[in-house]
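A.B. asks: Below are the structure tokens for one structure; questions will follow.
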Amino acid sequence: MYFLVFLGSVRESTPPKPARIGMRVSRACVRLLEQSYPQHTVELIDPLEYDFGDIFKPEFAYRRSQVPNQMESLAKKIQDADGYIMVSPEYNHSMSPALANLLNHFGSSRFSYKPSAIVTYSAGQWGGARAAVNMRTFLSELGCLPVSAMIHLPKAAQVLDENGFVVNASEQSEWDEYMNRTLHQLLWWAQGAALQRERQDPTKKAKVFSKDPSQRNAP
């Protein structure tokens, strides 16, 4: 199976430390998935590696022959993935605008009928928990329903090193167990969804709109 870890921050560094906190959290998620499920493929998506231009135009708004190469490549990765891990800091009690912007470039049909996991972090004591509430609604609308367990990392810069390992090695197993609860749920639902997609094309019964959103309106 194939999983994408979306890093929801475009900060190049986090003062006073040079390493991005979100990158530490994302690497911890990648490490745990690869460690627990070496048979699966995990890829980290860093928004700093993508440039979609200053003017917002989603992937589905382009003529198929004119979709920018980077956008087309990421759209295919999203389509091929079996599940998603969304990593976000908290901005005004909401998810990261960088993550929302990145995901909004792609139609919900590419995410639908697959699970997602919510991972939030902060430099302070709340671990981004309030942003996670907002993310449940957002991800549900995308169609990649979030699993019930979530990961919240308070004071993340003090907990994780630059490679995603716990700074205090004696606490590594405790943090791994805590984070794995969410990741195991993600894997369980992803396997079930993949089997069901093989048995039946979900769009046969619940058709996606092909022209505009009004096709979903009540008669």
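The values are calculated or read from the model by the stated rules, or taken from the named source; none is laboratory data. Only a predicted model underlies this, so the values are computations on that prediction, with no experimental measurement involved. Using ideal geometry, Cβ is built from the backbone for each residue, glycine included, and neighbour counts are taken over all protein chains shown. Side chains included, ligands, DNA and RNA excluded: accessible areas come from the protein's heavy atoms. Shrake-Rupley method; radii C 1.70, N 1.55, O 1.52, S 1.80 Å.
A.B. asks: Dividing the Cα convex hull volume of region 27-85 by residue count, how many Å³ per residue is that?
C.D. replies: On the way: hull volume 6.0 nm³, N = 59.
Convex hull volume per residue, Cα atoms: 103 Å³.
A.B. asks: Under the Karplus relation 6.51 cos²θ - 1.76 cosθ + 1.60, θ = phi - 60°, what is the ordered set of whole-Hz ³J(HN,Hα) values for region 97-106, x standing for Gly and Pro?
C.D. replies: Whole-Hz 3J(HN,Hα) from phi for region 97-106: x, 5, 5, 4, 4, 4, 5, 5, 6, 10.
A.B. asks: Would you rank PHE111, PHE165 by solvent-accessible area, highest first, keeping every protein chain in place and using a 1.4 Å probe? Numbers along the way, then the final one.
C.D. replies: On the way: PHE111 0, PHE165 95 Å².
The residues order as PHE165, PHE111, largest area first.
A.B. asks: Sticking with this one: Two decimals is fine: what's Rg over Rh for region 97-144, C-alpha atoms, Kirkwood radius as Rh?
C.D. replies: 1.01
A.B. asks: Normalised radius of gyration for the chain, please: alpha carbon Rg relative to 2.2 N^0.38 Å, two decimal places. Can you show the working numbers first?
C.D. replies: Numbers: Rg = 17.6 Å, N = 219, 2.2 N^0.38 = 17.1 Å.
This ratio for the chain stands at 1.03.
A.B. asks: Can you give me the long-range amide H partners of LEU153? Hydrogens built in the peptide plane at 1.01 Å from N, cutoff under 5 Å, separation of 5 or more residues or another chain.
C.D. replies: HN-HN under 5 Å from LEU153: THR120, TYR121, SER122.
A.B. asks: From Cα pairs below 8 angstrom and at least 6 apart in sequence, can you work out the relative contact order of the chain, rounded to a whole percent?
C.D. replies: The value is 22 percent.
A.B. asks: Largest first and to the nearest Å, give the Cα extent of region 92-219 along each principal axis.
C.D. replies: On the principal axes, region 92-219 reaches 58, 35, 21 Å in Cα extent.
A.B. asks: List the residues whose amide H sits under 5 Å from the amide H of ILE85, counting only those 5 or more places along or on another chain, with H placed 1.01 Å from N in the peptide plane.
C.D. replies: LEU4, VAL5, PHE6, ALA117
A.B. asks: So, taking all protein chains as they sit and a 1.4 Å probe, how much accessible area belongs to TYR91, in Å² rounded to tens?
C.D. replies: Estimated to the nearest 10 Å², TYR91 gives 80 Å².
A.B. asks: Quick check: at a probe of 1.4 Å, how many percent of the accessible area of region 133-193 sits on carbon and sulfur atoms?
C.D. replies: Result for region 133-193: 56 percent of the exposed heavy-atom area is carbon or sulfur.
A.B. asks: Per the Debye formula with a single identical scatterer at each Cα and no solvent contribution, what log10 I(q)/I(0) holds for region 1-104 at q = 0.15, 0.17 Å⁻¹?
C.D. replies: -0.69, -0.87
A.B. asks: Moving on to the next point. Please compute the per residue accessible area over the chain with all protein chains in place, 1.4 Å probe, rounded to a whole number of Å². Don't jump to the answer; show the numbers that get you there.
C.D. replies: On the way: 11980 Å² over 219 residues.
Each residue of the chain exposes 55 Å² on average to a 1.4 Å probe.
A.B. asks: Let me ask another. Please list, by residue number, every one of the GluC sites (Glu not before Pro) in region 1-108 that is coil in DSSP and has at most 13 other beta-carbon atoms within 10 Å. Walk me through the numbers on the way to the answer.
C.D. replies: Values: sites: GLU12, GLU34, GLU43, GLU49, GLU59, GLU72, GLU90; in loops: GLU12, GLU90.
Answer by residue number: GLU12.
A.B. asks: Considering amide H positions built from the backbone, and no H for Pro or chain starts, which residues 5 or more places from LEU160, or on another chain, come under 5 Å of its amide H?
C.D. replies: VAL167
A.B. asks: Something else about it: As a test of reading the structure, rank ASP82, ASP161 by solvent-accessible area (1.4 Å probe, protein chains only), most first.
C.D. replies: ASP161, ASP82
A.B. asks: As a test question: what accessible area, to the nearest 10 Å², does SER36 have when a 1.4 Å probe is rolled over all protein chains in place?
C.D. replies: 40
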